[in-house]
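None of the figures in this text is laboratory data; all of them are computed from the coordinates on show. The structure presented is a predicted model; accordingly, all values stated were derived computationally and were not measured. Ideal geometry is used to build each Cβ from the backbone, glycine not excepted, and the neighbour counts take in all protein chains shown.
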Amino acid sequence: MTDIPLQKGDSTGEAGPHVPVLSRPSTAFLDVRDLKVHFPTDDGLVRSVDGLSFQLEKGKTLGIVGESGSGKSVTSLAVLGLHRVGQYGRNKARVSGEIWLNGKELISAAPDEVRRLRGRDMSMIFQDPLSALHPYFSIGAQLSEAYRIHHDVSKQAAKARAVEMLDRVGIPQPDKRISDHPHQFSGGMRQRVMIAMSLINNPELLIADEPTTALDVTVQAQILDLIRDLQKEFGSAVVIITHDLGVVAELADDILVMYGGRCVERGTAEKIFSASQHPYTWGLLGSMPRMDRERTERLNPIKGSPPSLINLPSGCAFHPRCP
Ligand SMILES: Nc1ncnc2c1ncn2[C@@H]1O[C@H](COP(=O)(O)OP(=O)(O)OP(=O)(O)O)[C@@H](O)[C@H]1O
Ligand SMILES: [Mg+2]
């Protein structure tokens, strides 16, 4: 492959400096290179994600694990191009690096183009269902709209698709519930509605951010099956973010371990579970609940607290807490 110089545009959205870099298109389906997401705040620059790289192929699942605040959600939102539309918090993000999806670089792409891909080629199951559903419209209207934006079909056909998806995520009487509004659903039901919405267009890339946290075990298994079906049927690439190592063990081919906005370890699920190299990963494995482990085993929380993202410790950022 020859080097193809690319003059990149304003890689930080509307804010921030012009950063020209030379790079070449990626052959991986999703290729994230040196991703940085920084938020200028009154206290200083918060480096939520600081030089993260990973690849993902179609039909594969990547599990991202890490403590609260390690940058998992910020990474997902960056891949979907959601920082520059200001959906996440009041501070404007500075995003740099490269995100290649199917041979197209997204950070330098026009916002319209990224919007077209979002919802059709890539979609996200958000950690907070209420942030993804509009309170004023019936869920039927929202699901149909999500489908019709990307498919030239009649209202009836879109409604039928919406009912089908609600049925697949386990909402009873979907043909009736379709006219209800988000507040008429319980928290777990709302989460399922949102999952239906993110799967309605059979995305090639699905990012699931704690998709099953608020759900009981039966529904959790149902949703994970649904994600697996999608993957089998359409060869989708899936990124799953979770605190539940049982879920990761069951679904993920590869695992990325994040700490303080960086990758501390990355490898096949097998390698991470059987021969992880980093003390932080050992800590995580010992501190997270697992479906596949005896209840009698005690959980050992990692001592100390997550690092400041404004002044990250030098060297290995985990060293002040390292056993
Ligand atoms: N708009 C913003 N302005 C300033 N800091 C932010 C902003 N958005 C996120 N952060 C910070 O970035 C860090 C990473 O946040 P992120 O939501 O990605 O964590 P996470 O790994 O998803 O955690 P959790 O497991 O709790 O969901 C946090 O310290 C958060 O406070
Ligand atoms: Mg999060």
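Below are the figures for this structure:
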| item | result |
| --- | --- |
| Residue order, fewest to most beta carbons within 10 Å, for Leu101, Leu106 | Leu106, Leu101 |
| Net charge, Leu35 excluded, C-beta distance under 10 Å - Lys, Arg +1, Asp, Glu -1 | -1 |
| Gyration tensor (alpha-carbon) shape descriptor, the stretch 127-202, a/c threshold 1.5 | prolate |
| Where labels lie 7 Å past Cα in the beta-carbon direction, separation of Ser68 and Ser305 in nm | 1.1 |
| Pairwise Lys count, the chain - Cα closer than 16 Å, eight or more residues apart or different chains | 8 |
| Residues with amide H under 5 Å from that of Gly51, placed H, sequence gap 5 or more | Leu35, Lys36, Val37 |
| Cα centre as origin, Lys/Arg/Asp/Glu Cβ charges: the chain dipole, Debye | 340 |
| Nonlocal amide H pairs with Phe29, under 5 Å, H built at 1.01 Å | Leu56, Lys58 |
| Furthest towards positive pole of dipole, Leu251, Ser236, Val264, structure part the stretch 223-264, Cβ charges | Val264 |
| Dipole in debye (nearest 20) - the stretch 139-248, about Cα centre, beta carbon charges: Lys, Arg +1; Asp, Glu -1 | 340 |
| Bins of 10 Å from zero: percent of alpha-carbon pairs in the stretch 93-169 | 15, 39, 31, 15, 1 |
| Ellipticity estimate at 222 nm from DSSP helix runs (n ≥ 4, -39,500 (n - 2.57)) divided over the chain, nearest 500 | -9000 deg cm²/dmol |
| Theoretical FRET efficiency, 1/(1+(r/R0)^6), r = Cβ-Cβ of His151 and Arg228, R0 30 Å, to 0.05 | 0.80 |
| Fewest-first sequence of Ser53, Ser274 by Cβ atoms within 10 Å of each Cβ | Ser274, Ser53 |
| Extreme residue, positive dipole direction of the chain, given options Tyr280, Ala157, Asn102 (C-beta unit charges) | Ala157 |
| Residues with amide H under 5 Å from that of Val264, placed H, sequence gap 5 or more | Val257, Met258, Tyr259 |
